[in-house]
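Asks: Starting off with a structure, shown below.
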Amino acid sequence: MVVFLAAFFTGCEPRSTDLRRDFSLPEGCSRLGSVEEASLAQDIRKYFLAEVSASVSEVVVEGGADCGDKFVFSIEAVAKGVHHPWIWFVFIDKSDGTKELIRPE
């Protein structure tokens, strides 16, 4: 899974690059339209905060993609007391809406 994530997103240096610009799509995936991305981003932000809210002070939902059976989003989050952000990924299963949160090492 981490290998897939590394191939899926390039340039994951926090705040020094724009993930939307450097978004590298694997075969079979397409970028989401801005309206669809915005509606999903709101839900993803709420989900993410519910999962890790105690340790996060700032959350930015980045680029999203449609990968057939799943939507994939990247999230940049800053932990309380830490000055550099973490990059997380959220996978949303299209069939049942199940979300999976992954933080690559």
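Asks: Quick one: Karplus J couplings for the stretch 42-51, per residue in order, coefficients 6.51, -1.76, 1.60, θ = phi - 60°, nearest Hz, x for Gly and Pro?
Replies: Whole-Hz 3J(HN,Hα) from phi for the stretch 42-51: 4, 5, 5, 4, 4, 4, 4, 4, 5, 6.
Asks: Points 7 angstrom from Cα along the Cβ direction at S57 and A38: gap in nanometres?
Replies: Each label point lies 7 Å from its Cα, and together they span 3.0 nm.
Asks: I need the phi-derived Karplus couplings for the stretch 70-87: 6.51 cos²θ - 1.76 cosθ + 1.60, θ = phi - 60°, integer Hz, Gly and Pro marked x.
Replies: The phi angles translate into 9, 9, 10, 10, 9, 10, 10, 10, 10, 7, 4, x, 10, 9, 10, x, 9, 9 Hz.
Asks: Leaving out same-chain residues fewer than 8 places away, which lysines sit with a Cα under 20 Å from that of K99?
Replies: K99 reaches K46, K70.
Asks: Right, something else. FRET efficiency for R31 and K80, Cβ-Cβ distance as r, R0 = 35 Å, nearest 0.05?
Replies: Here the calculated transfer efficiency is 0.65.
Throughout, read-outs are computed from the coordinates displayed, never taken from laboratory work. Please read all numbers here as calculations on a predicted model, not as lab measurements. Cβ sites come from the backbone with ideal geometry, for glycine too, and all protein chains shown count toward neighbours.
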